[in-house]
Amino acid sequence: MKLFYKPGACSLASHIALRETGKNVDLVSVDLMKKRLENGDDFFAINPKGQIPALLLNDNTLITEGVAIMQYVADSAPESQLLAPVGTLPRYKTLEWLNFIATELHKGFTPLFRPDTPEEYKPTVRALLEKKLHYVNESLSNNAWISGANFTIADGYLFTVLRWARAVKLNMEGLSNIDAYMARVAARPAVATAMAAEGIQ
């Protein structure tokens, strides 16, 4: 398998899932500005969407969209317990969090990373995100992991997105549950391995 990624970007969540399952994967870095691979090849020839992550399976099937990739990886290794079985409530609680992270948090950061976002709009974006982070912080008050008793693919995704908060200067004061959570996730061997492979801290 090949994972097309950018260091520290949303693709880190898929990378973490792969490391948690112990799957062998080749990493291929993508220059998203130029849409080029490390060797200069056109990334659009791999993924017509031009976005990461993209997972190329050994039979040349391509899976795109991080939430879909993470579910595929988890379901292909049920012993990892990264996603509960179909039909069980814990599975849908994890999917609930995956959707919240994707639509409310991940996409919420996008304007802060875009160079064409008007400066006067950014305080509004930050305020919206900070309100949602307080909800996340409260949700972690009674659980070690975001969707229950087990580390799941939602945790890998949440960890990835929360890493961006300080980079865009969100106010994280008082979010002690998030601080402790980030330390717990970072301490997992698979997470440390994924971050080291991407050259990030």
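Side notes on the structure shown:
- Of all the criteria given as (1) of a type outside the set (Val, Ile, Thr); (2) under 26 Å from residue 32 (Cα atoms); (3) modelled with pLDDT of 95 or more, the one not satisfied by residue 201 is (3).
- Matching residues, segment 119-159, being under 13 Å from the mean Cα position of the chain (by Cα) and either in a helix (DSSP H, G or I) or basic (Lys, Arg) (or both): 153, 154, 155, 156, 157, 158, 159
- Entirely in segment 160-201, the helices (runs of 4 or more DSSP H) that have 1 or more residues that are among the basic types (Lys, Arg): 164-167, 176-186
- Residue count for segment 55-70, restricted to those that are closer than 17 Å to residue 101 by Cα, in contact with a Ser or Thr (Cβ under 8 Å, 6 or more places away or on another chain) and hydrophobic (A, V, I, L, M, F, W, C): 2.
Per-residue answers, yes or no, for (1) out of contact with any Lys or Arg (no Cβ under 6 Å at 6 or more places or on another chain); (2) among the basic types (Lys, Arg); (3) part of a helix (DSSP H, G or I):
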| site | (1), (2), (3) |
| --- | --- |
| 8 | yes, no, no |
| 50 | no, no, no |
| 79 | yes, no, yes |
| 90 | yes, no, yes |
| 98 | yes, no, yes |
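- Restricting attention to segment 120-148, the residues being at negative phi and touching a residue at least 40 places away in the same chain (Cβ under 8 Å) number 11.
- Identity of the residue in segment 177-201, within 19 Å of residue 14 (Cβ to Cβ) and of a type in the set (Gly, Ala, Ser), that ends up least open to solvent (accessible area, probe 1.4 Å): 194
- Of the residues making up segment 97-109, not a single one is farther than 22 Å from residue 170 by Cα and either open to solvent by less than 40 Å² (accessible area, probe 1.4 Å) or modelled with pLDDT of 95 or more (or both).
- For residue 53, the criteria (1) closer than 17 Å to residue 106 by Cβ; (2) surrounded by fewer than 19 Cβ atoms within 10 Å (Cβ to Cβ); (3) of a type outside the set (S, T, N, Q) hold in every case but one, which is (2).
- The listed residues are 39, 47, and the only one of them that is open to solvent by 60 Å² or more (accessible area, probe 1.4 Å) and over 17 Å from the mean Cα position of the chain (by Cα) turns out to be 39.
- Hits in segment 56-90 - residues which are open to solvent by 20 Å² or more (accessible area, probe 1.4 Å) and within 17 Å of residue 149 (Cβ to Cβ): 78, 79, 80, 81, 84, 85, 88, 89, 90
The values are calculated or read from the model by the stated rules, or taken from the named source; none is laboratory data. Note that the structure is a prediction, hence the values are computed from the model and not measured. FYI the Cβ positions are ideal-geometry reconstructions off the backbone, even for glycines, and counts take in every protein chain you see. The area values use the complete protein model at the heavy-atom level, side chains included, leaving out ligands, DNA and RNA. Shrake-Rupley method; radii C 1.70, N 1.55, O 1.52, S 1.80 Å.
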